[in-house]
Amino acid sequence: MVAVVGPDDVDMTLLTSRVLTLYHLPLISYGAKDQRFSDAKLFPLLFRMVPSENHQIFGILSLIQAFDWKWVSAVGSGTKSSRKAIQTLIAEASARGICVTYQGVMTGDDEIAKIQLRRIVRNTVKAKTNITIVYGEDTVVYEFFKAVVELKVTGKVWIALESWILSAWIASIRGIGETGTVIGLTIKPVKLPQFMSFLERFMHCNVPTNRTSLVLSGSENLAQSESCSQSCDECHSLSQADLAGILKSSIWHWSFYSYAAIYAVAEALHMRLRCDDMGACQRDEDFEPWQLYELLYHVNFPLQNNTIQFSSQGDLFLGYDVLTWITANGTTTARKIGSFSSENLNLTSSRIRWATPDGQVPQSVCITECEKGQIRSKQSLDECSCRCEDCLEGTFPNQTHLDACIPCPSGTWSPKKSQRCFPPTLTFLDGGDTIILALLILTLVDFLLLCGCLLVFATHWQTPVVKAAGGKLSFVMLGSLLACCATTGLFVGRPTSLSCRIRQPVFAVSFALCVSCLLARSFQIVFVFKMAHRLPMVHRYWIKYRGTYFFVAVSCGVQGLVCFLWLLFSPPSLQRDAVSKKEIFLRCSEGHYLGLGAVLAYITLLCGACFVFAFWGRKLPKNYSEARLQTISMLVFLMAWGCFMLIYSTTEGKGRQIATLQMFTGQTSVYAILCTFFLPKCYIILFQPQANTVAHFQTCIQAYTTTARNSAK
């Protein structure tokens, strides 16, 4: 003995294969489809003349995809083989975008079967899936469909496996035609012409009345014949009608494949014995049965218009026929509507009778359509298509596969439940902010007050108060302070590279000009009252060469040079600060902090000099002495910009708060000089005209001179 052909039963094949493996005998089964047999490590010498269950699963899923069904149920028997097949089905369905939303397990136990099957049927109805895959042996499927009929379930699509698609026993259930449409697969039947004459001459059997054949409509189609037990006493010759039924039954499913198994072994033997075309073989050559193993993998020969060749998994796949049940006049027949081979499905769907009111293909999609920005949940089988989840912040639904949220690209963001990602919003200081609006109003008031002071000084420019305030220098001071106010407006609105470059240098030069004028005026007053009589030559040259204007020009030139070097080596630039994923704040970076520090340090030096001369001239006539007010203004400037530089250095100048603080500090400096120098003089001009006369000033000077002489004595 060199090989064994058979059996067709899964359990017997499992047992037989393990026993024969011990004796190194190859086994060729013509009916075992269980996918467990594909494992060459467990079944090294097993070959199968029928395709593995995996082929059937691929065919079923291709059939489901052909009708664009996305949401199905699956019902299987409780056997280990069935559970494994259902798991494979679910995994492969998920990869193809098909959701098995409900999975039921049937049983053939009579005591609990009826209650369990009713519960499974109710669950399939509750799941509201129109498509149900029924996986199991015909005995269990028979009880399942009895429950379906009893519960009056109608209008569904039942996907049948080969195990029961040709079962006349199931098709004979009263009312099964009302349950819906049955579509399934069966292995490709191949007729053996020589076998027909054999049956006509030698076949005698009693066909049980409770399991009649399901005859296929059309000469090309097949029906299933159930195995029957027979006793010699009941055997009799078949009538012509009985014989015709058997000749159209599923006997062809096992007759051809067992026939092909014999030929496969013969072909392997011919190769091993090196037989020639005339049939001459080297019969005297000894060999072991296990040596046929590799040769069986290489068999490749035609048989009944089919090519017999084993796959790498040791099975033979000639394709499937796609069948549907047609019920007419109380009789159910199977009709071929297509074929499946090598994952290629060919269908004539017009031959299917759909159990829908309009006769159209039923839909099977989730009853809950997800909203925009949501995906279908994958938490569990019974929720995989009906539960929707929001995409979290920073994610959006994948447009290719709507079952996953993917992160937003770098530099973008999305809110919760968003369909797409957005670029961050560009923000800057604008009038919509309450604080910025308040500062703008403060700047406007400052600007109007300066304009008012300029108007008052212009209309009274010949009066002693204006002349004591510096005369023409006072107009220069007012103009520089107006320029400082104007630069505050450059902080509001969308910044540009130009606005970033000019706003700080313009403010620094303008404010330095104002402080330089204030310093020159203070120096001139102190010099006239305290040093002119001691240094008459210096006083003469100061007046002759306009020392005041020369000092102001030089002082502003120094500040301008510092600003030029700042712009040359580390100029301010436009900067984007990521406040959050949603917001980018546009601001002006002041470059290296030494640049801003240098211009502020120079102004601080001028303010310090002003403070010294103000203290030195504290005892001058009250018309000229402004030590207290000038000291306050200088202290306000030093404190404001000192705090700003401290905060600026710790925060590296980032954030909306720094820009707002810088805007506020600049206005504080302008207000300090306005309130301590110009407004008091405008008050005297407008409300105390008696103090704005030459006589009043001469009286004050005479009083100071008298006091100074008395102090000298």
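The values are calculated or read from the model by the stated rules, or taken from the named source; none is laboratory data. These figures come from a predicted structure and were not determined experimentally. A quick note on method: Cβ atoms are made from the backbone with ideal geometry, for glycine too, and the neighbour counts reach across all protein chains shown. Ligands, DNA and RNA are excluded from the accessible area calculation, which covers all protein heavy atoms including side chains. Shrake-Rupley method; radii C 1.70, N 1.55, O 1.52, S 1.80 Å.
Annotations
- Boolean, residue 406 is assigned to a strand (DSSP E or B) and not basic (Lys, Arg): yes
- Restricting the stretch 313-340 to residues that are open to solvent by less than 50 Å² (accessible area, probe 1.4 Å) and hydroxyl-bearing (Ser, Thr, Tyr), the residue that is nearest to residue 301 (Cα to Cα) is 320.
- Count of the stretch 423-437 residues which are in contact (Cβ under 8 Å) with a residue 40 or more places away in the chain and either of a type in the set (Phe, Trp, Tyr) or loosely packed, with under 13 Cβ neighbours inside 10 Å (or both): 5
- The condition of being at pLDDT 80 or above, open to solvent by less than 90 Å² (accessible area, probe 1.4 Å) and either out of contact with any Ser or Thr (no Cβ under 8 Å at 6 or more places or on another chain) or in a loop (DSSP other than H, G, I, E, B) (or both) holds for residue 361.
- Residue satisfying condition, being aliphatic (A, V, I, L, M), touching a helix residue (DSSP H, G or I) at 6+ places or on another chain (Cβ under 7 Å) and outside any loop (DSSP other than H, G, I, E, B), within set 50, 19, 72: 72
- Within this structure, residue 37 passes the test of being open to solvent by less than 10 Å² (accessible area, probe 1.4 Å) and in contact (Cβ under 8 Å) with a residue 60 or more places away in the chain.
- So residue 129, is it out of contact with any helix residue (DSSP H, G or I) (no Cβ under 9 Å at 6 or more places or on another chain), hydroxyl-bearing (Ser, Thr, Tyr) and part of a loop (DSSP other than H, G, I, E, B): yes
- Residue count for the stretch 267-300, restricted to those that are at pLDDT 85 or above and polar (S, T, N, Q): 1
- Any hit, the stretch 91-104, residues being buried (at least 16 other Cβ atoms within 10 Å of the Cβ), within 14 Å of residue 134 (Cα to Cα), among the small types (Gly, Ala, Ser) and touching a residue at least 40 places away in the same chain (Cβ under 8 Å): no
- Of residues in the stretch 9-19 being over 51 Å from the mean Cα position of the chain (by Cα) and of a type in the set (A, V, I, L, M), the one least open to solvent (accessible area, probe 1.4 Å): 19
- Yes/no for residue 6 being modelled with pLDDT under 90, on the phi > 0 side of the Ramachandran plot and surrounded by fewer than 22 Cβ atoms within 10 Å (Cβ to Cβ): yes
- Qualifying positions in the stretch 134-172 - more than 46 Å from the chain's Cα centre (by Cα), assigned to a loop (DSSP other than H, G, I, E, B) and in contact (Cβ under 8 Å) with a residue 60 or more places away in the chain: 166, 172
- Screening 506, 492, 476 for residues that are under 49 Å from the mean Cα position of the chain (by Cα) and part of a helix (DSSP H, G or I) leaves exactly one candidate, 506.
- Filter pass, residue 140 being open to solvent by less than 50 Å² (accessible area, probe 1.4 Å), over 30 Å from residue 358 (Cα atoms) and of a type in the set (A, V, I, L, M): yes
- Leading residue by the ranking (modelled with the highest pLDDT) among those in the stretch 325-352 that are more than 17 Å from residue 68 (Cα to Cα) and assigned to a loop (DSSP other than H, G, I, E, B): 329
- Qualifying position, being among the aliphatic types (A, V, I, L, M) and open to solvent by less than 10 Å² (accessible area, probe 1.4 Å), among 27, 22: 27
- Cβ-Cβ distances below 7 Å connect no pair with a first residue in the stretch 438-450 that is acidic (Asp, Glu), a second residue that is outside any helix (DSSP H, G or I) and at pLDDT 90 or above, and a separation of six or more residues or different chains.
- Taken over the stretch 633-685, residues that are outside any helix (DSSP H, G or I) and open to solvent by 50 Å² or more (accessible area, probe 1.4 Å) amount to 2.
- Against the criterion of being surrounded by fewer than 16 Cβ atoms within 10 Å (Cβ to Cβ) and modelled with pLDDT of 85 or more, residue 578 does not qualify.
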